[in-house]
Every structure is written in structure tokens, then in C-alpha cells.
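**Student:** Here it is, the structure, as C-alpha cells.
The values are calculated or read from the model by the stated rules, or taken from the named source; none is laboratory data. Predicted model, so just to flag it, every value in this text is computed and none were measured. Note that we place each Cβ from the backbone using ideal geometry, even for glycine, and neighbour counts take in every protein chain shown. Each accessible area value is taken on the protein alone, full model and side chains, heavy atoms only, with ligands, DNA and RNA left out. Shrake-Rupley method; radii C 1.70, N 1.55, O 1.52, S 1.80 Å.
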Amino acid sequence: MSVSTVPEPKPTSPSITPMLEMKGITKRFPGVIANDRVDLSVRPGTVHTLLGENGAGKSTLMKILYGLYQPDEGEIFFEGKRIEIMSPADAINHGIGMIHQHFMLVPTLTVAENVALGLHPALSRADMGPVRRRLTEVSDQYGLKLDPDAYIWQLAVGERQRAEILKALYRDAQLLVLDEPTAVLTPPEVDDLFATLRQLTADGRGLIFISHKLHEVMELADEVTVLRDGEVSGHTTPAESSREHLAELMVGRSVSLTRDVGVSEVGPAKLQVDNLYVRGDRGTDAVKGLSLEVRAGEVVGIAGVSGNGQRELAEAIFGLRPVVSGSIAINGEEVVDHTPKSVRTNGLAYIPEERMKDGAIGDFTVAENLMLVGYKEPPFARRGFLNLEKIKERCTDLVHRYAVKTPTVETPTRNLSGGNIQKVVIAREFSSEAEAMVVAQPTRGVDIGAAEYIHEQLLRQRAAGAAILLISEDLDEIMQLSDRIIVLLEGEAMGEVMRGDATVGEIGLLMSGVR
Amino acid sequence: MGDFFTVSALVVTFASGIRLATPFLLASLGETLGQRSGVLNLGVEGVMLLGAFGAYYTVLKAGSQPLALLVAIAIGIVMGLLYAVVTLVMQAEQGISGIGVFLFGLGFTDLAFQKWVGTPIPIARLEPWPIPGLSDIPVIGEVLFQHNPLVYGAFLLVPIMTYLISRTTFGLNVRAVGETPEAADTLGVSVNGTRLVTIIVANVLASLAGAVVALEVGNFQQNLTAGRGFIAIALVYFGAWRPFGAMVGSLLFGFVLALVNQWGALGIISGSASSLAAMAPAVLTIVVLVFISNRVGQPAALTRPFDRSN
Amino acid sequence: MKSSGKVIGKLLALTAAMIMVLAACGGGDSGDSGGDEAGPFRVAIVAPSADNDVAFTQSIFDSVNRVGESRDIEIASSTGLFVVEDAASALRGYAEEDYDLVIAHGSQYGAPVEEIAKEFPEVAFAWGTEVNTFGLANVSAYTVRSDEGGYAMGAMAAALSEAQNIGVVGPIEVGDAKLYVDGFKAGAEAQSPGIAVNVNYIESFSDVALAQEAATAFVANGADILTGTAQMVVGATGVAQSEGVAWFGTQSNQSSLGADIVVASQVYHWEVVLEDIIAGIDEGDLGGESHLLTLENGGLEIEFNDAYPLDGAIKQIGEDMVAGLKDGSIKTGQ
């Protein structure tokens, strides 16, 4: 499939030369070209968005920029001069800062200590006084409020991100790379972050913003470079482009971004949760008095930033986590403290949020994973003996029906991409013809094309009369698919809204605790 | 039968406890620093034996105790470099490599002793250096200030090590590297460089700990350090990866050993009772192992080699 | 006769191969497995510590070498095997190589000796220090009345002590160590009723530093004579040397550990029983008996350190005791 490459956009003010130019960057790993002659140029005072699917080569390119990898070919120019970046220290010295998606912070150190790390000669007194003062100045200037003496482990996710940004600003980074910075934030926090980023560009700093959320890209970017399979598949600006066009550049074919949910007939309640209390791993209540009901032919979405009781709720329903009090009923039958097997027998399917940990066994073949449920039943097994013929037949059919891209059904599952592993899990669970299902984070880490397919399958199940509890951090996903939305905060329902009754902003406020 | 609760008996016991604590302390301080940077060295015992033999042999042949300490330091540096190559460059599994170091130390010192010395020939023991003025204080002076210089040195290292870890930029690097090496790396802190330094310091202190044993005893025997290096590692966990904690643990072990010893010497316990009492260190070790299961304060990256491409 | 360290126990098991190799290098020559009838008498020794420990293990090597002065023998050895499992594999190896006599020199080696001797009924084993032969015709047991020399030296020590305070550093309360300590104490009390003889078993055969602290504690508490047994005593003799306190040694001649302070040593002459055992083997008798070293049969001897200025009267006390023990007029009470 060929994709037209958009011509170079006209710079908004031609007099400004780029602060960063990466030219012809190529990086090969055994068996794969991660970056193939990639060009990227960033002008001061602008946000340049790097867009691409997982594995398209974004992180490799940024690791090269930050000195973590050395390119096999290509040149890097910074402020007009050709530079070699051999290590992160070099990158920092040139004024390049990076906000990592997985925060590079030491949890047992304070904010100030994290900031001071690596700044001073190796053997000198670690005097936090001046660090603290300068840090306070910088955080006041950009409205990034943070206690310099707080330990990182005490901070919430949004605060940790502020610490990460402060680390780069303290070093007076002129070019900041932000790797999927919004992935862990609530919508109001995203708004705050964007305000800070705009302030940074107003100061003349350049930003590289990595994301796969198209609406964020359209909102924030001055320029967009799209990577696909290690190559630049397009270079454009939001003004000259559209979300659909960007998605096409990412995936290499046209993708539908809006879901036609259609109308489905709502039947009796299939899954009922009443006044449920569940404990989290730390022994405190993670779900506090939650009640909900999912009826046949309905998708109920659970929105919220992760860590607010979603995982515990899903595990409790499926019998994987003990319930403190309250009731859970499937098809009207009480299933509290039942085993997962018995819950399944009652008609519940489960798509867990960690597909490689709870959903599939990496060393098993695709066929074996597909048969994890139902392998004991005839015709696949009789008196404890597997009928491999029938199993293979069935699995080949499922792989075909659910469009799993795999060389054979005998391929070890871990060799598949995230999207295809998720399709294996979905094929297994959906084909069990359960009447109720708990679906957690179905498209996290999945490319747009696979996500589109998974969403279609979910809606097909809904149309067939399944009751679906959809748990997702992706607010777009929740809003597109759900008939009703429950916002979860610290284990409690903050409110319930019907489709079309609320905007992203309103749900975002509920997610951050404002009713 | 003597009476334990006399001032003189208590003074002797506490002074003995401090002497017995010294090798534990030196070795566990070094290991504390090493582990704070994320490096486990189970070979402490082996390095102690090498240091002990090196110091013994130097005094035997050259008659100089200061030279013996320099030799022990040199042995520590060499063993540190060796361990750094194995764990940082070759990224070998640290538990196994440490046991290799132990086996090497045990076997090599035994062989070298038999080949080069033959029979345990006594050497001059370390003389106490009473600190003028302070050592004249009744009781306290006798307990604290009538030791050999290595005892003072080991205890002085406690505040020095504490300051180094918590108040210097090097200590900040050590803590970061032991906790989240990736974060330290992205800020331009050399992970392996920092670990190289801590490994060398840890090995030098282990080697000196062995030298203390040999020079205090004034002789050498196969397996001279008798498992003290392993107890020192347990004390790092017991001390929650803090120099002061390591000191508390070392003193606890030293005092229990001295107490049981003293009771035996005074005839307070004898026969099977003394056998039972002599198990106290073993019981204490088990208590320490229970502490280990808590692992409060354990560096998150302990035993994890750093590799940027991961 | 050696306990493993308390923490290192399991780890030491891993050392088997390495230590055996290294110890074999330092030990005697190992012979080829020729098995020629007319060749030398082939003896294998398995022992817990080094052959130069100035104590238990050295005593058997010295004795075998003394046997070698009068006949042609070939010695192979594995030393440093304080882990019984390692000793077992060494014993089995020598039995397979068909040695004329395999000596298991350590009372802790009982279980492997019993097992392996049953498997190799044609091979003669000698096990000490013990009296039990397991009823096997190819096992000789040998042990020592170390209490006898201990008694004589205890009497001398009591006469020598001005403070009437003696310290004894023991390893673990078993075997010849216990016999020696008990005999020493009985002799001292017989000579000087009311004397303080304090015994401290440090529960280790190898912890030299702890032996040193034990000796230090005795001296600090007023002891002016020290004695002790097993290989960790070098820590205690160091204290005796620097504090100028007299020392009585046992197992081997310990004068080399302190020419100024060692008064006398009780020396084990295992050759007395070894010659018996070997003579039996020559006649086709592979064992089945229990042998004993005593002052009377010459297996024990008090060797005085000529460099120590011992008062003639005190030396006479010792010699009188030895004579009495030999003719049976004096009993150690053991």
C-alpha cells in the first residue's frame, strides 16, 4: 500500500534556523533496521511531534539523540554545529533534556537530590541549599509547584512528571524531548502540562513531543513527523493535515477513527455488583462500596486514571481477588468467592489488563493459548486425551476469524506483536460465547489498526447481546464505545453519565475528583 | 568461680567485644558501600583470608606491620579490580562470582601457607596504642581507648562512611546507582565508574579486616577468619544498609562472643553449659537472617548489572 | 575433629573439589595405583586439617613418617577435609585404588568409614580417635589416653602456678580434646587442691581469633598458666607469648609456637599402634581391634622444651606422675 508523502511545509518564519537537525539517521539491530535514513529538524520555540506506532522507531531515534545509542549512519547538528553525542552527559551539556515515559527518578532520593544528581564533581559536599533555591526559582517561573525536600516515592504520578521536567529545566535544556508524557495523566493534568509546554516554547525552547494520541497532536504540535517501520512516512503540520490523515501515515492504510456504535437492544441485567469492598495489594481498601449493573447488549465504561481500583474490581469479579464485603452476581447468581473456573461456568469472559501476565502464556503456542479455555470439553478432548486434529482445525479458524497475524498456530505467542497477542486473547474469550464480559485496557500498547479491529469486535459482541464492562484509561475509547460511563476515583464511583451527556472535560473533572 | 559483675571483668569483656567487633565492622562497612551501589560481593570471606595471609606473610618476612597493611590494601585493590571486571564488564551473576572469590581465597591462602610458610610461625602481634589522656579515664578509658590503631580506624570509618554516603555528591551517585541506575545514567553519572570505586573500597576494607585478624592473632592457620566474612555480609542486611547499623550489628556480635568467652574464662559456665552458650553467635546469626527477610532499605538494583541497551 | 564454621557450612560443601586438589598439592605425594606385591607398603591418610597444624593432623603425619624410617612406605593424603562428605569421597577413592591401609584420622569420619569398609572388605581401614570398629574385621580403631599426659602436665602446671589460676582453651567437648582437658584438670587439682582451673570450650576447631580472645580473657582474669588443644590454639599461644604466660601443649610438640613460654608438650606417637596394625596386615589380619596410645606403651610422651627454664623440682613432679601412671599406681579418674 503506498502512501503519499506530504511536501515539506513552509516554515512559519523562515529566518529562524533549526536548533536541531538529525540527518539520515540509520540504526540497525540484528535482523531489523530500527531507523532508516530518518531526518528530523526542530526549530526553536516550536513543538515538533514525533508520531508513530509502537516499534516504528521513535524511541530508538530519541535514544540516539540522548546519547544512549550511537547511530550507524547519519549526522546530528545542534545550533548549527555538527555534534557527536556519546552519552547522556554529552546530550545534557549540549542543552538537550529528556522526559522519559518511565520516569528516570530515584524513588529513595528527594526531588532536590534527583535534580542535583550528576551536576557536581564526584567528591564534593552535597550541599542541597543552593540546589533547593534555584529549583524553587525554576518551579515558580513555570508554575511547576513541588516540594524540593519531598521524596520521589511520596509523590503522585503527576508530581513525579513535574520533577522529571524540573530536572531538565534546572540544567537549562534548550531542547526537551517528552516521551508520551500524557499517558499517565488525567485530562486536567494534561491541560496543566500543555500550559507549561506552551510557556516553554514561548521562552524559545524547542520541544519534541512523542505521542500516539491524535487529538493531542492536533492541539499542541507546530510540526509533525510520522515514522512507520523505521522510516519517515510523512512530515506535515496540523493545519495542513487531519487526524485521519495522520492515522493513515502511521498505519499505512486508511483507518476509521470514529466508531459507528449502532443501536442494540438492551436486555436484563447480566452482571450486578452491589456495595463491593475489595482490598488492594497494600492492604487498604481499593474498591469502596461500588455498585453497578451491566445489562445485555450494553457497554458500561469504567473511566479513571489507573490505580483507582480498576484492577482490583476486575480481579474481584473474576474471582482472582478475595472480596471483603458486598455481592457480585452473574446472570442473577451470586459468585462472590467463587473460583475463576466457576465464574467462567456462570458465563463470564475476562480480558485482563496485563495480557502477557494474566491473559496469555508467552511460551505457549498460539493454538495452546487459544485452547486455554475449553480444552477439556468435547470434541477437543475425550477422557483426558486431547484431539489435536480438532484443536488445530478450531484454532486455524479462530486465527482467521479474528485476523491474528501469525506464521502458524504453532508459533510461540511471545513472538507476536502486542496487538496480535491481544487478538489471541480476545478470540479465545469472545469465542466462548459468554453472556457477560469484563474487558480491561483492551487496546493499551496496541497499534491503531489492531485497536480499530478490537473495537469492532467489542461492538459486535454488544450487538449480539453480551453485557460488557469496559475498563480503560483511554478516555477516547471509553467515550466512543460506552453506553454509560462510571468514573472511578480511589475506589468509589464519582458519577455516572450516559453517552453523549458529557464532554471529555466534564469526565476529566470527575476523574480528578471535582463533582 | 569468679564473679562476672565486677568492674574489671566488665571492662575486659567490653574491651574484648570491641576487638572482636573490628573485623566484622571493617568488612561490613565496605560491603555496605558496595551494596548501596547495587553490587553484592559474597566473596568477602575470601578477600579477608587473602588480606590476612598477605599481612601475616609480610610481617613474617619483612617484619613491618605498616608494610603489611599496605600489602593488604594492595591485595584489596587487585581483588576489587578483578571483581569489577567479572561483575561490571563481563556482567557475571554476582552471587556465584562472590562464591568463586571465596573459594579462591580459601584455597589459595591454604596452598600459599603450606608452600611458603609450612607451620604456624608466630609473628609480632599488634600493640595497643593507648590514647594519651583519654585512656587514663577509669573504666571508659580502658574499654575504649586502649586498643590497637586499626580498632580506632575502623570505628572512625563509621561517621566517615555515613558522611560519604549521605552528604557528598559521590554518596548521592552511589545511592542513585544502587537504586535506579538508569536514572543516574541519563543524568550523566557513570554507573559502572561509581560501582568500580565502591567495589574497590569494599575489597580494600575486607582485606584490611582479614589483616586485623592475622595481626591481632599474630599467626596464621588455614581458614583463619572462620566465616567472619559471611557474618559481615549478614550484618549489612541487619544494619539496613547503613554504616551505623553495621556498627551496631558488629558490636552486638563482638559483645556476645566476648561475653560467652568471659563467662567461660571465669568459670561461670562450664561444660555443656558453655557449649550451649557458645551457640549464641549461631542463634544470633539466625536472628539476623530473620532481619534479612525484612529487607527494609535494600537498594532496588542490588545484584542487577547495568546495561544501557536494556 | 573439626567443626565447620557456623554460617559457611553449606558453602563449604562447594569447596570440595578445589580444596582437595589444593590440599593434595600441599600434602604428601600420591602414589600410582600399581599394586605390586613387592612394592612399598601403601598408606593413605584422610585428615581434617593441614599436615602442619602443629596439632592433631600433624601428629598422624609425623607418626607415619616415623614408621617410614624402618620400612618402605608410600604415603598419599587428602587434608583439610573438615566436611565429612568430602572426606567420604576421598576415603572411597583410596579404597578403590586398593591402598594397603586407609587411615581416617578424625572421629567425625565414623559413618563413611563404616559404610565404605563394608563395601571394600579387602581393604584395611584405621579410624581414630575412636574405640568402635563397627564389628568389622577390616577396621582398626585407635585412640589415645590423652588424659594421662594431661594429668602429668596438669600436676606440673599446678606446681608452677603462682596465682593458682590456670586457663584451658578447648575446642568442642569431644574425643581426645575432652580427655586431655579432663585429665589436665584432675592432675592440677590432685597436685594443688583448691586451684582454679577454668575451661572454655569455644565450640570451634578453627576459630583462631576466638581462641586468642579466650586466652586474653583468662590472662585478664589472673591466669598465669595456659593450655589448650586442637589446631586453633595458635591464637592462644600468641597471647601466652606476648603476655609471658607459660603454656602446656598437646598432640604435637608445640615448642615452635613460643620458645620462651612452652614448658612441655604431650606428643602422640601413633606409630606405636600403626606398627601393630601394619604388622597385622602383613600377616593377613586386616583389623577388627581397638588400639590405644598410652604412656605405658610409649604411644604418649612428654617432651620438655629445653629452652624453658623449668625448675627441677617441678619437672620431677611430672616425671613422678608419668611413672605412676605407667605402673598403674596413679589413675587419672577417666
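**Student:** Relative contact order, percent, of the range B:16-250 when contacts are C-alpha pairs under 8 Å separated by at least 6 residues?
**Tutor:** 44 percent
**Student:** Using only the alpha carbons of the range C:149-202, determine the length spanned along each of the three principal axes and report them from longest to shortest in whole angstroms.
**Tutor:** 28, 19, 14 Å, listed from the longest principal axis down.
**Student:** Restricting the count to DSSP beta bridges whose residues both fall in the protein assembly as shown, what percent are antiparallel, rounded to a multiple of 5? Kindly include the intermediate steps, with their values, before the conclusion.
**Tutor:** Working: 52 of 130 bridges.
Among the beta bridges of the protein assembly as shown, antiparallel pairing accounts for roughly 40 percent.
**Student:** With both partners inside chain C, how many of the DSSP beta bridges are antiparallel, as a percent to the nearest 5?
**Tutor:** Values: 5 of 46 bridges.
In chain C, DSSP labels about 10 percent of beta bridges as antiparallel.
**Student:** Nearest 10 degrees is fine. How inclined is helix B:7-36 to the longest principal axis of chain B, computing both from alpha carbons?
**Tutor:** 10 degrees
**Student:** Hey, another quick one. Please report, in debye to the nearest 20, how large the charge dipole of the range A:105-173 is about its Cα centre when each Lys and Arg carries +1 at its beta carbon and each Asp and Glu carries -1 there. Walk me through the numbers on the way to the answer.
**Tutor:** On the way: 9 positive and 9 negative charges, 16 e Å.
The dipole of the range A:105-173 has a size of about 80 debye.
**Student:** Here is a follow-up. What does the C-alpha gyration tensor say about the overall shape of the range A:287-330? Classify as rounded when a/c is under 1.5, otherwise prolate if a/b is larger than b/c, or oblate.
**Tutor:** Since a/c reaches 1.5 but b/c is at least a/b, the shape of the range A:287-330 is classed as oblate.
**Student:** Sticking with this one: By average Cβ neighbour count within 10 Å, what is the ranking of B:28-40, C:48-60, A:50-62, A:342-354 from highest down?
**Tutor:** B:28-40, C:48-60, A:50-62, A:342-354
**Student:** Ok, one more. What are the ³J(HN,Hα) couplings of the range C:131-146, residue after residue, when phi is run through the Karplus curve with 6.51, -1.76, 1.60 and θ = phi - 60°? Round to Hz, x for glycine and proline.
**Tutor:** My calculation for the range C:131-146 gives 10, 7, 9, 6, x, 9, 6, 10, 10, 9, 9, 9, 8, 9, 8, 5 Hz in order.
**Student:** A further question follows. Can you compute the radius of gyration and Dmax for the protein assembly as shown, using only the Cα atoms, both in Å?
**Tutor:** In Å, with Rg to one decimal and Dmax whole: 39.2, 121.
**Student:** Still on this structure: 222 nm [θ] for chain C, helices only, -39500 (n - 2.57) per DSSP H run of 4+, per residue, to 500?
**Tutor:** Mean residue ellipticity at 222 nm (helix-derived): -12500 deg cm²/dmol.
**Student:** Relative to the longest principal axis of chain C, what angle (0 to 90°, nearest 10) does the C-alpha long axis of helix C:84-96 take?
**Tutor:** 40 degrees
**Student:** Seen from all sides and averaged, what is the projected area of the convex hull of the Cα atoms in the range A:356-433, in nm²?
**Tutor:** 4.8 nm²
**Student:** While we're here: What Rg and what Dmax come out for the range A:105-173 when only alpha-carbon atoms are used, in angstroms?
**Tutor:** Computed over the Cα atoms of the range A:105-173, radius of gyration and Dmax are 11.2, 33 Å.
**Student:** Sticking with this one: Once you keep just the Cα pairs under 8 angstrom separated by 6 or more residues, what percentage relative contact order results for the range C:101-252?
**Tutor:** 20 percent
**Student:** Evaluate the charge dipole of the protein assembly as shown about its Cα centre and quote only its size in Debye, nearest 20, assuming +1 on the Cβ of each Lys and Arg and -1 on the Cβ of each Asp and Glu.
**Tutor:** Working: 81 positive and 135 negative charges, 819 e Å.
Value, rounded to 20: 3940 debye.
**Student:** GNM, chain B, Cα, under 10 Å: largest mean-square fluctuation among B:48, B:247, B:161?
**Tutor:** B:161
**Student:** In addition: Could you run the Karplus curve 6.51 cos²θ - 1.76 cosθ + 1.60 with θ = phi - 60° over the range A:313-320 and give me ³J(HN,Hα) per residue in whole Hz, x for Gly and Pro?
**Tutor:** With the stated coefficients, the range A:313-320 comes to 4, 4, 5, 5, 4, 7, x, 8 Hz.
**Student:** Let me ask something else. Please give the residues from the range B:140-176 for which the solvent-accessible area of heavy atoms, probe 1.4 Å, is smaller by at least 20 Å² with all protein chains in place than with the chain isolated.
**Tutor:** Flagged in the range B:140-176: B:163, B:167, B:168, B:169, B:170, B:172, B:173, B:175, B:176.
**Student:** How far apart, in nm, are the 7 Å Cα→Cβ label points at residue C:276 and residue A:363?
**Tutor:** Reported label-point gap for residue C:276 and residue A:363 is 6.2 nm.
**Student:** Can you pull the Rg over Rh of chain C, Cα-only, Kirkwood?
**Tutor:** Rg divided by Rh gives 0.98.
**Student:** Could I have the simple spin-label model distance between residue A:33 and residue B:166, label points 7 Å from Cα toward Cβ, reported in nm to one decimal?
**Tutor:** 5.6 nm
**Student:** Where does the range C:288-334 land on Rg(C-alpha)/(2.2 N^0.38 Å)?
**Tutor:** 1.40
**Student:** Which semi-axes, in whole Å and largest first, does the equivalent ellipsoid of chain A have when worked out from the alpha carbon gyration tensor as the square roots of 5 times its eigenvalues?
**Tutor:** 42, 28, 22
**Student:** Excluding ligands and nucleic acids, what accessible area in Å² is computed for residue C:270 using a 1.4 Å probe, to the nearest 10?
**Tutor:** In the full protein context, residue C:270 sits at about 0 Å².
**Student:** What number, in nm² with one decimal, is the all-direction average of the projected area of the convex hull of the alpha-carbon atoms of the range B:171-310? Spell out each step's value before the answer.
**Tutor:** Values: hull surface 43.2 nm².
The directionally averaged projection comes out at 10.8 nm².
**Student:** If R0 is 22 Å, what FRET efficiency do you get for residue B:135 and residue B:64 from their C-beta distance, rounded to 0.05?
**Tutor:** Taking R0 as 22 Å, the efficiency between residue B:135 and residue B:64 is 0.30.
**Student:** What number does the range A:390-513 give for Rg over Rh if you use C-alpha atoms and the Kirkwood radius?
**Tutor:** Looking at the range A:390-513, the ratio lands at 1.03.
**Student:** Still on this structure, I have one more. Using only atoms on other chains, find how many Cβ atoms lie within 10 Å of each Cβ of peptide A:66-79 and report the average. Kindly include the intermediate steps, with their values, before the conclusion.
**Tutor:** Numbers: counts 1, 4, 5, 2, 0, 0, 0, 0, 0, 0, 0, 0, 0, 0.
Per residue, the average neighbour count from other chains is 1.
**Student:** So how strong a dipole does chain A carry about its Cα centre when Lys and Arg Cβ are +1 and Asp and Glu Cβ are -1, to the nearest 20 debye?
**Tutor:** Charge dipole of chain A: 940 debye, to the nearest 20.
**Student:** Could you give me the percent of Cα pairs per 10 Å distance bin for the range A:30-116, shortest bin first, beginning at zero and ending with the bin that holds the maximum distance?
**Tutor:** 14, 43, 32, 11, 0
**Student:** Could you bin all the Cα-Cα distances of the range A:155-285 into 5 Å bins starting at 0 and give me the percent of pairs in each, rounded to whole numbers?
**Tutor:** All Cα pairs, binned at 5 Å, distribute as 2, 7, 14, 15, 14, 12, 11, 9, 8, 6, 2, 1, 0 percent.
**Student:** Taking the inverse of the average 1/r across all pairs of different Cα atoms in the range A:240-289, what Kirkwood radius in Å do you get?
**Tutor:** On the way: mean 1/r = 0.0627 Å⁻¹.
By the Kirkwood definition, the hydrodynamic radius is 15.9 Å.
**Student:** Tell me, Kirkwood radius of the range A:459-515 from alpha-carbon pair distances, in Å?
**Tutor:** 12.0 Å
**Student:** Same structure again: Please compute the Kirkwood hydrodynamic radius of the range A:56-167 from all pairs of different C-alpha atoms, in Å with one decimal.
**Tutor:** 15.6 Å
**Student:** Can you give the three extents of the C-alpha atoms in the range B:16-250 along their principal axes, from longest to shortest, in whole Å?
**Tutor:** Largest to smallest, the principal-axis extents are 53, 47, 27 Å.
**Student:** Apply the Debye scattering formula to the range B:101-213, with a single equal point scatterer on each alpha-carbon and no solvent, then give log10 I(q)/I(0) at q = 0.11, 0.12, 0.20 Å⁻¹.
**Tutor:** With one equal scatterer per Cα and no solvent, log10 I(q)/I(0) is -0.63, -0.72, -1.07.
**Student:** Moving on. Could you check the simple spin-label distance between residue A:377 and residue A:242, using points 7 Å along Cα→Cβ, in nm with one decimal?
**Tutor:** Reported label-point gap for residue A:377 and residue A:242 is 4.5 nm.
**Student:** Under 10 Å, Cα contacts only: if you run a Gaussian network model on chain C, which one of C:316, C:254, C:231 comes out with the highest mean-square fluctuation?
**Tutor:** C:316
**Student:** Within 10 Å of each Cβ in B:119-126, how many Cβ atoms from other chains are there, averaged over the peptide?
**Tutor:** For this peptide, the per-residue mean of nearby foreign Cβ atoms is 6.
**Student:** Determine the shielding of peptide B:212-220 by partner chains: average, over its residues, the number of Cβ atoms on other chains within 10 angstrom of each Cβ.
**Tutor:** Partner Cβ neighbours, averaged per residue: 6.
**Student:** Relative contact order of the range A:356-433: what whole-number percent is it, with Cα pairs under 8 angstrom and at least 6 residues apart?
**Tutor:** 42 percent
**Student:** May I pose another question? If packing is taken as the average count of other Cβ atoms within 10 Å, what order do A:68-80, A:295-307 fall into, highest mean first?
**Tutor:** So the order, starting with the most tightly packed, is A:295-307, A:68-80.
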